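Reading through the structure tokens given below for one structure.
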Amino acid sequence: MIGRLLAGAACAIGLAGAAQAQDAEPYNVFLSMSYIGNDWQAEASNMIKALAASEDYKDRVDLEVQVAGPNAQRQIQQINAMVQAGADAIVVYPISPTALNSVVRSACSRGVTIIAYDAEITEPCAYNVTIDQAEAGRKTAEWLVEEMGGEGDVVMVTGVPGTSVDTARTSAAKDVFAEHDGINIVGEAVGMWSQAVARTELNKLMATRDWSDIDGLWMQVGCYTANAMQLEAGQAPEALLPCAGEGSNGGRIQMLPANAEVDGASSPYAPMGAARISYASPPYSGALALKLAVDKLDGADIPQHTTLPLPLVTSETVELCETGSWEEQKAGCNAFQPSLVSNPGWFASIFSEELPQLGLSAALVGQPER
Amino acid sequence: MTDQTVVSTPRAGGLTALRSLKRSQAVIVAALVFAGLMLLNSFLSPYPLSYFDISFLASGGATTAIAAAGQTLVIISGGFDLSAGAVVSLVNAVLATAMDPANMEASVPLWTAIGIAVGMGVGAVNGFFVAFMRLQPIVVTLAVMFIVQGLTLLIMATPGGFVAPSMAAVYLGDTLPGLLPAPLTLLGVLILAWLWLKRTAFGVALFAVGSDPEAARATGLRTRTVTFFTYMLAGGLYGLAGVFVSAQTGSGDPLAGNALLLPTFAAVVIGGTRLGGGKGGIPGTILGAYILMIVVNLLLSLNVSAYYATIAESAVLLIAVLAGSLSKDSPLSHRLGELKDAFAARRKGWLVSQRASADHRLAFTQPSGTAPKLTFMQRYGATLRHALPAWLCLVLVLIATQLVLGGVFTGWRYWDALLVLSSFLAILALGQGAVILTGGLDLSLPWCIALSGVLMTGLVGGQDAGLLVALPVVFAVAALIGLANGLGVVALGLSPIVVTLAMNGILQGAALIWSGGTPAGFAPPALRWLMTGKILGVTPVILFMIAFAALAILLLGRTVFGRHVYAVGNSALAARLSGVRSGRVIVSVYILSALCAALVGILLAGFSGQASLGMGDDYLLPSIAVVVVGGALITGGRGHYAGMLGGALLLTAMQTLLAGTALPFAFRSVFFGLVILMAVIALRE
């Protein structure tokens, strides 16, 4: 209640509110997630919870988490209910970039800060925290073209058709491939951003092809699986095709040189010197959105659109962490021991300069650092 | 025949009033549940409910309510419409791409009419195939759903576009400022239209067709025309829902409506409409849609953990449907009565099982010594007639694959991939097929698969030895799931769709709670070898599948259990009177289905090396499609596993062909729908 009044006051008088906020009632912040059935969403929600539970935020934020599932109508209703329940700020993983516009507009008009992470909300009063999806598609495609020496046949595995993220990444990559006459796209599978789907779709693609017919792979999710499938088909680890794809820990471990010493590795979740570029929408974007929301409630100015640095890791820059603390990641490591991260599909791009509260255990189990 | 025709006979006022009260029990219960939830919510909420909140609540539930109203019509007519959500997306995409961004004051009646017309167009396609080609509604609308989803992506590849603000002003504004929000007016008009429609000749015929199509035909009703217009009308309502979404969001999203499909079913059944047809109405459905919406608010007010959300929703669905159907004629009270009778009979020693086990059979039931010799065609003709089309279509797809991609008839690689990939659907086809043969439907497969996979990898600890513990536990859990489904259908007398839909939600919650959001662990090496290893170039699971298929054909075709399944599916009453313990048969098919789903969960985990939570999502609709394309009747009693196996291979071969081409996803979806449609046209009697 007081937090809510304060939020209004803070907005009105600007930065002056920051000092008062320290010993006032905590802010009511709600999280509306879309779906919790995959690793990325689970990690993102763990990191948000960890931030809210950290020393810096635990007295300042009351966080309540709700899930809308895949139905945009439900999320509209949920955001509505959150506004009615007295939210100061709502952190949203938007199911649709456009469907939420009217409810977001009305929430803004009632003084609620709406901040979206990973995907975008197009309504101008909402704040967004994302990576540049087109840049991700372009950079990875450029790496692949260079790795292939500018010619050869490429197989693409895309995301969920009809979403803006998938369209932006895929068309940027195709633009790069189109610039090189030597590059042919010989197959395109719909991977739905899932390792399991990527495997069935790749199996369908490879039913009428041999791995030796292909020179390179461009994927949104699925390099880890593609490497595993090549090993099953009897390819030598040195002969793995270059693959531009997701930032899963399984993929990062595969990128380590074959003689690297790691704990708990078992093939295919093992170092094999795979030629890779690994990128991801980092799962810390939700936690950063929460931080920005609190900054905003404190009266600070935050940018309407925060573009996160694209976490790109290649076979040259991959480096194993021992414990996965924030300090250690700051020093440059970007892959985690399989003994600590038992799930190879788990996303490894969890480091943010701005969030020293969050290390490996934040993403794994929702525990802040220290 | 139906409740409708009774009304015309004048009766004493009191009796009629009581009768009409009883008839609308479900609607009244839905209204009470809604009012109760609203009260609870406003009690929990720190702020009083303002007009503004009511206005928002009204617009939040309107899309589901309008689309579900269309679904209600189809279900009353005895059908089933899977294309509802896809049509909502299509209309949203059409409006958002066709409207001129410079024109802020676009004509609302014109664009509403365009939206409704697009919906009616799709509805007419559904209606044509269901009514005039006499194809099964569930397959027709499934095929149309794929086609419409493809078309939508062709029209609009990515969210965006423009919908004039004048639409929002009309649909989301106020009819009476401060008193009546526009969405409520729209729904009010819909209810009035329904009350009028019910009393027209068409309305009466709609109920007649739904309760007994043969009788309706015999009394001279033009049942086909009625069915056709029902689908068209329903399409128009999905179109209106699409118009509403467009107004509400001010733009387009090609996936906007797809997730609406299951909520519309939930709204329809909560509102008291009987699945199978002949009873129900739009007012109940609208209440059902708003109950679903207010639950979202309640979960928030009660701060229910996200993991428990689907469990809580399933509970609301079950309670609302159960309360709406309780009466002394309901199956639950019948079962309780029977139990009491059986108990009393046992005390008096009258129970059949207590009599001396002498042979009481009458002489004429003795099998005659000389059975007439049946020719091959007499014996197997009907089975072949229904099982062959899937295999013929498969041959066509294989030839097409050879022509387009090559490698089909020249090597083993293609066959190995095809057989491994189709094994999941082939296993599901036995369980789902057995359930469909008894006239049911199992919608709990997706999360039964996921829960089993997640349980297995969690328990097994990555070691082969762990399987000795994990497999019995996983199958025991699955058997319990099937038992609960079966008891829900038999003892509570609920529609299989309601029970298994609720079970799916409960299992989703269970899987999330067990795994904490990220499933841990791996499939053990033996399982991975089964799915990805090689024995003389053949993936081992293929050998397993050959044995599985042989056993499945024997189980359904050559055992007492199999014959009971067919008997129950053809007529539960006749089977029961012939001494088949129909309740046990129905419970067993749900257990069989859950066991098959668990097996698929385990194999999928072996295939991918690990389990993931969403891994069952892509198997629900295909599992139904495979069974029906394989020649089974969705209402039960007809079908053969050999046909379903052909269906599984056909669908997988089709997907493999489409995946191998460079066609955009939108075209693939359209093609996939067309092939399903062609396969069922070939099945036409």
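What tally of residues in region A:273-296 results from selecting those that are of a type outside the set (S, T, N, Q), touching a helix residue (DSSP H, G or I) at 6+ places or on another chain (Cβ under 7 Å) and either outside the structural domain of A:Asp215 (by TED's automatic domain parsing) or open to solvent by less than 20 Å² (accessible area, probe 1.4 Å) (or both)? Walk me through it before giving the result.
Taking region A:273-296 and keeping what is of a type outside the set (S, T, N, Q), we get A:273-277, A:279-280, A:282-284, A:286-296.
After this cut, where a residue has to be touching a helix residue (DSSP H, G or I) at 6+ places or on another chain (Cβ under 7 Å) as well, the list is A:273-277, A:279, A:283-284, A:286-287, A:290-291.
Filter again for either outside the structural domain of A:Asp215 (by TED's automatic domain parsing) or open to solvent by less than 20 Å² (accessible area, probe 1.4 Å) (or both), leaving A:274, A:276-277, A:279, A:283-284, A:286-287, A:290-291.
Qualifying residue count for the region: 10.
Scan A:Ser171, A:Ser164 and give me the residue that is touching a Pro at 6+ places or on another chain (Cβ under 6 Å), assigned by TED's automatic domain parsing to the domain that holds A:Ile214 and polar (S, T, N, Q).
Working: A:Ser171 fails: touching a Pro at 6+ places or on another chain (Cβ under 6 Å).
Among A:Ser171, A:Ser164, only A:Ser164 is touching a Pro at 6+ places or on another chain (Cβ under 6 Å), assigned by TED's automatic domain parsing to the domain that holds A:Ile214 and polar (S, T, N, Q).
Yes or no, residue by residue, for (1) in the same structural domain as B:Val541 (by TED's automatic domain parsing); (2) not aliphatic (A, V, I, L, M):
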position	(1), (2)
B:Gln378	no, yes
B:His386	no, yes
B:Leu392	no, no
B:Gly407	no, yes
B:Trp412	no, yes
B:Ala434	yes, no
B:Gly439	yes, yes
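Mind listing whichever residues of region A:42-54 are open to solvent by 10 Å² or more (accessible area, probe 1.4 Å) and of a type outside the set (A, V, I, L, M, F, W, C)?
Listed by number, the residues that qualify are A:Asn46, A:Lys49.
Could you tell me which numbered condition A:Ala331 fails, if it satisfies all but one of (1) farther than 28 Å from B:Gln610 by Cα; (2) in contact with a Cys (Cβ under 8 Å, 6 or more places away or on another chain)?
All conditions are met except number (2).
Can you name every residue in region A:36-61 that is of a type outside the set (Gly, Ala, Ser) and more than 10 Å from every other protein chain (Cβ to nearest Cβ)? Spell out how you get there, then give the answer.
To start, the set of residues in region A:36-61 that are of a type outside the set (Gly, Ala, Ser) comprises A:36, A:38-41, A:43, A:46-49, A:51, A:55-61.
Of everything in region A:36-61, those that are of a type outside the set (Gly, Ala, Ser) and more than 10 Å from every other protein chain (Cβ to nearest Cβ) turn out to be A:Met47, A:Ile48, A:Lys49, A:Leu51, A:Glu55, A:Asp56, A:Tyr57, A:Lys58, A:Asp59, A:Arg60, A:Val61.
When you scan region A:105-168 for strands (runs of 3 or more DSSP E) that lie fully inside it, which ones turn up with 1 or more residues that are within 10 Å of another protein chain (Cβ to nearest Cβ) and within 23 Å of A:Ala244 (Cβ to Cβ)?
Output list reads A:152-158.
Give the residue that is farthest from the other protein chains (Cβ to nearest Cβ), with candidates limited to residues of region A:295-347 that are part of a strand (DSSP E or B) and not hydrophobic (A, V, I, L, M, F, W, C). Talk me through it step by step, then tell me what you get.
To start, the set of residues in region A:295-347 that are part of a strand (DSSP E or B) comprises A:305-307, A:313-314, A:320, A:335, A:347.
Filter once more, keeping what is not hydrophobic (A, V, I, L, M, F, W, C): A:305-307, A:314.
Details: A:His305: 17, A:Thr306: 21, A:Thr307: 19, A:Thr314: 25 Å.
Only one residue tops the list, namely A:Thr314.
Yes/no per residue for (1) open to solvent by 10 Å² or more (accessible area, probe 1.4 Å); (2) within 14 Å of chain A (Cβ to nearest Cβ); (3) closer than 27 Å to B:Gly79 by Cα; (4) among the hydrophobic types (A, V, I, L, M, F, W, C):
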| residue | (1), (2), (3), (4) |
| --- | --- |
| B:Ser578 | yes, no, no, no |
| B:Gly583 | yes, no, yes, no |
| B:Ala598 | no, no, no, yes |
| B:Ile602 | no, yes, no, yes |
| B:Tyr641 | no, no, yes, no |
| B:Ala653 | no, yes, no, yes |
| B:Gly660 | no, yes, no, no |
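Can you tell me which residue in region B:285-331 is farthest from A:Gln75 (Cα to Cα), limited to those that are crowded, with 21+ Cβ neighbours inside 10 Å and among the hydroxyl-bearing types (Ser, Thr, Tyr)?
B:Ser325
With the requirement that a residue be small (Gly, Ala, Ser) and more than 14 Å from every other protein chain (Cβ to nearest Cβ), what does region B:237-255 give you?
Looking only at region B:237-255, we keep the residues that are small (Gly, Ala, Ser), and these are B:239, B:241-242, B:246-247, B:250-252.
B:Gly239 - this is the single residue of region B:237-255 that is small (Gly, Ala, Ser) and more than 14 Å from every other protein chain (Cβ to nearest Cβ).
Are any of the residues in region B:94-103 part of a helix (DSSP H, G or I), under 20 Å from B:Leu233 (Cα atoms) and not acidic (Asp, Glu)? Before the answer, list the steps.
Our first condition is that a residue be part of a helix (DSSP H, G or I); within region B:94-103, this holds for B:94-98.
Among the residues that remain, those that are also under 20 Å from B:Leu233 (Cα atoms) are: B:94-95.
Adding the requirement that they be not acidic (Asp, Glu) leaves B:94-95.
Among the residues of region B:94-103, at least one is part of a helix (DSSP H, G or I), under 20 Å from B:Leu233 (Cα atoms) and not acidic (Asp, Glu), which makes the answer yes.
Mind counting the residues in region A:169-189 that are within 8 Å of chain B (Cβ to nearest Cβ) and either buried (at least 19 other Cβ atoms within 10 Å of the Cβ) or in contact with a Cys (Cβ under 9 Å, 6 or more places away or on another chain) (or both)? Explain how you work it out, then say what you get.
Residues of region A:169-189 within 8 Å of chain B (Cβ to nearest Cβ): A:185-189.
Applying the additional criterion that residues be either buried (at least 19 other Cβ atoms within 10 Å of the Cβ) or in contact with a Cys (Cβ under 9 Å, 6 or more places away or on another chain) (or both) yields A:187-189.
Total satisfying the criteria: 3.
Within region B:36-86, can you find the residues that are away from chain A (no Cβ under 12 Å), part of a loop (DSSP other than H, G, I, E, B) and of a type in the set (Ser, Thr, Tyr)?
Within region B:36-86, B:Ser77, B:Ser83 qualify.
Checking A:Arg74 against (1) basic (Lys, Arg); (2) more than 10 Å from chain B (Cβ to nearest Cβ); (3) closer than 27 Å to B:Tyr171 by Cα, which test does it fail?
Against the list (1) basic (Lys, Arg); (2) more than 10 Å from chain B (Cβ to nearest Cβ); (3) closer than 27 Å to B:Tyr171 by Cα, A:Arg74 comes up short only on (2).
Of all residues in region B:545-574, which are within 19 Å of B:Leu487 (Cβ to Cβ), open to solvent by less than 10 Å² (accessible area, probe 1.4 Å) and out of contact with any Lys or Arg (no Cβ under 9 Å at 6 or more places or on another chain)?
Within region B:545-574, just B:Val565 meets the criteria.
Going through region A:25-72 one residue at a time, which ones are more than 28 Å from B:Ala259 (Cα to Cα) and assigned to a loop (DSSP other than H, G, I, E, B)?
As a first pass, look at region A:25-72 and keep what is more than 28 Å from B:Ala259 (Cα to Cα): A:25-28, A:50-62.
Result: A:Glu25, A:Pro26, A:Ser54, A:Glu55, A:Asp56, A:Tyr57, A:Lys58, A:Asp59, A:Arg60.
Residue under question is B:Gly411, and the condition is that it be within 12 Å of another protein chain (Cβ to nearest Cβ) and not in a helix (DSSP H, G or I); does it hold? Show your work before the answer.
Values: within 12 Å of another protein chain (Cβ to nearest Cβ): yes; not in a helix (DSSP H, G or I): yes.
Answer is yes for this residue.
Go through region A:206-223 and give me each residue that's facing chain B (nearest Cβ under 9 Å) and either open to solvent by 20 Å² or more (accessible area, probe 1.4 Å) or on the phi > 0 side of the Ramachandran plot (or both). Full working, then the answer.
Initial filter on region A:206-223 (facing chain B (nearest Cβ under 9 Å)): A:206-210.
Matches in region A:206-223: A:Thr208, A:Arg209, A:Asp210.
Taking region A:74-118 on its own, how many of its residues are surrounded by fewer than 22 Cβ atoms within 10 Å (Cβ to Cβ) and more than 22 Å from A:Asp298 (Cα to Cα)?
Residues meeting the conditions: 1.
Find the residue count for region A:93-104, including only residues that are more than 7 Å from every other protein chain (Cβ to nearest Cβ) and of a type outside the set (A, V, I, L, M, F, W, C).
Filtering region A:93-104 for residues more than 7 Å from every other protein chain (Cβ to nearest Cβ) gives A:93-95, A:100, A:103-104.
Within this subset, residues satisfying the condition of being of a type outside the set (A, V, I, L, M, F, W, C) are A:93-94.
Residues in region A:93-104 being more than 7 Å from every other protein chain (Cβ to nearest Cβ) and of a type outside the set (A, V, I, L, M, F, W, C): 2 in total.
Looking only at region B:522-545, filter to residues that are assigned to a helix (DSSP H, G or I) and either among the basic types (Lys, Arg) or out of contact with any helix residue (DSSP H, G or I) (no Cβ under 9 Å at 6 or more places or on another chain) (or both); which one of those is farthest from the other protein chains (Cβ to nearest Cβ)?
Step one: filter region B:522-545 for residues assigned to a helix (DSSP H, G or I), giving B:525-532, B:540-545.
Keeping just the survivors that are either among the basic types (Lys, Arg) or out of contact with any helix residue (DSSP H, G or I) (no Cβ under 9 Å at 6 or more places or on another chain) (or both) gives B:528, B:543.
On the way: B:Arg528: 9, B:Leu543: 18 Å.
Among them, the one singled out is B:Leu543.
So which residues in region B:170-194 are open to solvent by 20 Å² or more (accessible area, probe 1.4 Å) and in contact (Cβ under 8 Å) with a residue 40 or more places away in the chain, if there are any at all?
Result: B:Val170, B:Tyr171, B:Leu172, B:Asp174, B:Gly178, B:Leu179, B:Leu184, B:Leu186, B:Leu190, B:Ile191.
With surrounded by 23 or more Cβ atoms within 10 Å (Cβ to Cβ), more than 10 Å from chain B (Cβ to nearest Cβ) and either closer than 24 Å to A:Ala265 by Cα or of a type in the set (S, T, N, Q) (or both) as the only criterion, which of A:Ala226, A:Ala196 stands out?
Step by step, each of A:Ala226, A:Ala196 is checked, and only A:Ala226 is surrounded by 23 or more Cβ atoms within 10 Å (Cβ to Cβ), more than 10 Å from chain B (Cβ to nearest Cβ) and either closer than 24 Å to A:Ala265 by Cα or of a type in the set (S, T, N, Q) (or both).
Need the failing condition index for A:Asn203 against (1) touching a residue at least 12 places away in the same chain (Cβ under 8 Å); (2) open to solvent by 20 Å² or more (accessible area, probe 1.4 Å); (3) more than 10 Å from chain B (Cβ to nearest Cβ), just the number.
With (1) touching a residue at least 12 places away in the same chain (Cβ under 8 Å); (2) open to solvent by 20 Å² or more (accessible area, probe 1.4 Å); (3) more than 10 Å from chain B (Cβ to nearest Cβ) applied to A:Asn203, the lone miss is (3).
Considering each of A:Glu142, A:Glu147, A:Glu135 in turn, give the residue that is in contact with a strand residue (DSSP E or B) (Cβ under 8 Å, 6 or more places away or on another chain), closer than 20 Å to A:Ser278 by Cβ and of a type in the set (D, E, K, R). Even if it seems obvious, please write down each step before you answer.
Values: A:Glu142 fails: in contact with a strand residue (DSSP E or B) (Cβ under 8 Å, 6 or more places away or on another chain); A:Glu135 fails: in contact with a strand residue (DSSP E or B) (Cβ under 8 Å, 6 or more places away or on another chain).
Exactly one of A:Glu142, A:Glu147, A:Glu135 is in contact with a strand residue (DSSP E or B) (Cβ under 8 Å, 6 or more places away or on another chain), closer than 20 Å to A:Ser278 by Cβ and of a type in the set (D, E, K, R), namely A:Glu147.
The values are calculated or read from the model by the stated rules, or taken from the named source; none is laboratory data. Computed from a predicted structure; not experimentally measured. Cβ atoms come from the backbone with ideal geometry, glycine included; neighbour counts cover every protein chain shown. The accessibility values were calculated without ligands, DNA or RNA, using every heavy atom of the protein model including side chains. Shrake-Rupley method; radii C 1.70, N 1.55, O 1.52, S 1.80 Å.
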